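Peer 1: I'd like to ask you about the structure that follows.
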Amino acid sequence: MISQTYPITGIKEGLGPAPGQTPLRQEISAWSENPENVQQVNLFLLALRHFQDNDEIPFTAKLSYFQIAGIHGFPLKPWDENTESKVPDLQDGYCTHNSVLFPTWHRPYLMLFEQRIYEIMLEIIAKFPEQQRATLLKHANAWRFPYWDWAVEGAKVPAIVSDAKRTVLLPSGLTAEIDNPLLTFRTPEPMGKYGITRIHEDKTHEAVDAPYDKARATSRYPPVGYAEPHDLEAWVKGVQKDDIVADALAEAKWYKIDPTVHPGRTGIRDAVHRLLSDNYFSTYRGFATTAKGQSDPKAYLSLEFVHNNIHNWVGGGGEQGSPYGHGHMTEVPVAALDPIFWLHHCNVDRQFAIWQALNPNLWFDKPEDQLPDKEGNWSTPGGTVVTPKTPLAPFHKDKNGTVWNSDEVRYLKDLGYSYPELQPWLPKYFVGGVFKEELYIADIKAQVNRLYSSTRTAFLAASPDTEEVKEQDYIVNVEYERFALGGEPFVIHIYVGQNKVGQIYNFVAPPRSTGCANCEVQQGARSLAVGQVPITGALYRDATNDRIAELQGLGKTPITHYLTNVNLLTWKVVTLDGQEVAPEKLPSLKIHVAGGKAKHFANFRSSSEYNEYEILYDITHGRVGGLNRPA
């Protein structure tokens, strides 16, 4: 019996001096490379190393790194409560995916992780000489967990993450080289001993299997299978191909263009730029989740969809002919074991927070804004209509078992942290001592434009003397059933001609294949998800190369002709082990192209506007996996 629960309060130190001022969760490279933060970085590395290694807290203890990571999936045990899973045989643990709770559930999860590191920092500070403790405590109180911004131009795995070793200053005054706790998470025995089992029980062949149970460390882009002894050894020791992660983020293998003529990316940056506008979504649920819930073509994009792709690009898998398999980040039940998971999700929370600031009135407190969670998870039965009052289990506010809910984690000011773009206490937002919200919102928009503007930048650069540019805009929308392949994850690759222009990763875990009383229920619920690939940037690159006459200013008629007769829009479904799936095996797959209008402003303080979308049925009608015209 659990007599007291662990209270997740967030870090309540370091606040002020201005009213409402909180320390910032900072971008990890900028933070770790700033000489002013040397002591803070040192404390962080010591604390995280101790968190992962601490023999005083065994892997079975609820405050261990392993058990906190396991909330997201394996080892499929209750955390800080005595309960049984409401969805037997589901391998997702407590985490909420394809649900409107996706952004809010991960918020107290990050607070828990951040708070544990801070508490360990305090334990470490107590071991330093007394005369150093006050300064170190000041640094610890001002610390908040950093984020990794994978959407900026030139994004790659930060050096502080990819370095094998890091030099730290110990409380004794000596320096030491330690294994970098951000590179990988290691266990003294194979992870199977601690409850990490095979995920794909029908794919136990050593040529394709991901042997998470045999691994003693997390991996990014490990070998495909472990048929050869050196491959098994790589899985056991852990592999981090962070250069391949950088290639994936840069879309290096997607679009064959001359980077000296058309530098930069469009895919991730364009998606995030749209995501963080103040007008792309008319509802919270459209922004929050991949769950199908609206007919608006723009709402196929979501925070969760963008997040899903990052899991795949960081972990690997889903590419035909690739020598690399899929690591821990790619799979729901084991993703949180990889330390980079937390940096990734901190950035997801940051994007959520920015969107909230730009769209303060959009929430899911009204019945029309709520959706049933068809799959459910450990604490939520499948089919439950979730609301802002739905408990975000297993995260407790106090020692008495009170569980956080979405209303209670809605505002950062109540949680003890913020992000660089969100500092409403700064003097520049006040006029005559009065806070001017319009100045604050305009500045957030300007920061978003500077960080993520790609297609917008291209169009404005082509018309340098105008205040605004109006252009046609095109998106590829995809609908699919999450359990279409029995719950196997898969990647839907989208091509224009021979060039890949984007993808949709189905971040799902298969139910257990033995004794699965609930599998039929889950699959029968036909849990539908959606994703979106903006292709305006790709079409613009074609138009400014050798196909200007064919595209004629990106009008809908020539674009329809182009995507059906010149450079055909195609798609391919690939499982994590690189096997192509015939579209006929996914009868739920429905792909269409929608065309609308975009307005981009030279003024950085204005968000781009997107509207008047209509489905261009001729591009996909009559094709397997394509959306047909209405009868």
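The values are calculated or read from the model by the stated rules, or taken from the named source; none is laboratory data. Because the structure is a prediction, the values reported are computed rather than measured. Positions of Cβ are generated from backbone atoms using ideal geometry, with glycine treated the same way; all protein chains shown enter the neighbour counts. The accessibility values were calculated without ligands, DNA or RNA, using every heavy atom of the protein model including side chains. Shrake-Rupley method; radii C 1.70, N 1.55, O 1.52, S 1.80 Å.
Residue-wise test of (1) at pLDDT below 95; (2) within 24 Å of the chain's Cα centre (by Cα); (3) open to solvent by 20 Å² or more (accessible area, probe 1.4 Å); (4) of a type in the set (A, V, I, L, M).
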{"position": "Thr9", "(1), (2), (3), (4)": "no, yes, yes, no"}
{"position": "Ser32", "(1), (2), (3), (4)": "no, yes, yes, no"}
{"position": "Gln40", "(1), (2), (3), (4)": "no, no, no, no"}
{"position": "Leu45", "(1), (2), (3), (4)": "no, yes, no, yes"}
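Peer 1: Got at least one residue in the stretch 453-475 being assigned to a loop (DSSP other than H, G, I, E, B) and within 17 Å of Val533 (Cα to Cα)?
Peer 2: yes
Peer 1: Another one. Condition (residue is assigned to a loop (DSSP other than H, G, I, E, B), of a type outside the set (A, V, I, L, M) and touching a Pro at 6+ places or on another chain (Cβ under 7 Å)) applied to the stretch 44-61: is it met by at least one residue?
Peer 2: no
Peer 1: Please count how many residues of the stretch 514-546 are at pLDDT below 80 and of a type in the set (A, V, I, L, M).
Peer 2: Going through the stretch 514-546 one residue at a time, the tally reaches 4.
Peer 1: Then there is this: Limited to the stretch 288-302, what total is found for residues that are farther than 19 Å from Asn611 by Cα and buried (at least 24 other Cβ atoms within 10 Å of the Cβ)?
Peer 2: Going through the stretch 288-302 one residue at a time, the tally reaches 4.
Peer 1: Turning to a different aspect of this structure: Would you say Tyr194 is touching a Phe, Trp or Tyr at 6+ places or on another chain (Cβ under 6 Å) and either open to solvent by less than 50 Å² (accessible area, probe 1.4 Å) or not basic (Lys, Arg) (or both)?
Peer 2: Yes, satisfied.
Peer 1: Given Trp378, Trp363, which one is at pLDDT below 70, over 19 Å from Ala529 (Cα atoms) and either open to solvent by less than 30 Å² (accessible area, probe 1.4 Å) or over 22 Å from the mean Cα position of the chain (by Cα) (or both)?
Peer 2: Trp378
Peer 1: Among residues belonging to the stretch 396-426 that are closer than 20 Å to Trp363 by Cα and among the aromatic types (Phe, Trp, Tyr), point out the one that is surrounded by the fewest Cβ atoms within 10 Å (Cβ to Cβ).
Peer 2: Checked the stretch 396-426; the qualifying residue surrounded by the fewest Cβ atoms within 10 Å (Cβ to Cβ) is Tyr411.
Peer 1: Could you count how many residues in the stretch 438-461 are in contact (Cβ under 8 Å) with a residue 12 or more places away in the chain and surrounded by fewer than 15 Cβ atoms within 10 Å (Cβ to Cβ)?
Peer 2: Matching residues across the stretch 438-461 total 1.
Peer 1: Right, next: Hey, among Ala598, Ala594, Ala602, which residue is out of contact with any strand residue (DSSP E or B) (no Cβ under 6 Å at 6 or more places or on another chain) and aliphatic (A, V, I, L, M)?
Peer 2: Exactly one of Ala598, Ala594, Ala602 is out of contact with any strand residue (DSSP E or B) (no Cβ under 6 Å at 6 or more places or on another chain) and aliphatic (A, V, I, L, M), namely Ala602.
Peer 1: Let me ask you something else. Do we have Val581 as open to solvent by less than 10 Å² (accessible area, probe 1.4 Å), in contact with a strand residue (DSSP E or B) (Cβ under 7 Å, 6 or more places away or on another chain) and either within 25 Å of Val306 (Cβ to Cβ) or not aliphatic (A, V, I, L, M) (or both) here?
Peer 2: No, not satisfied.
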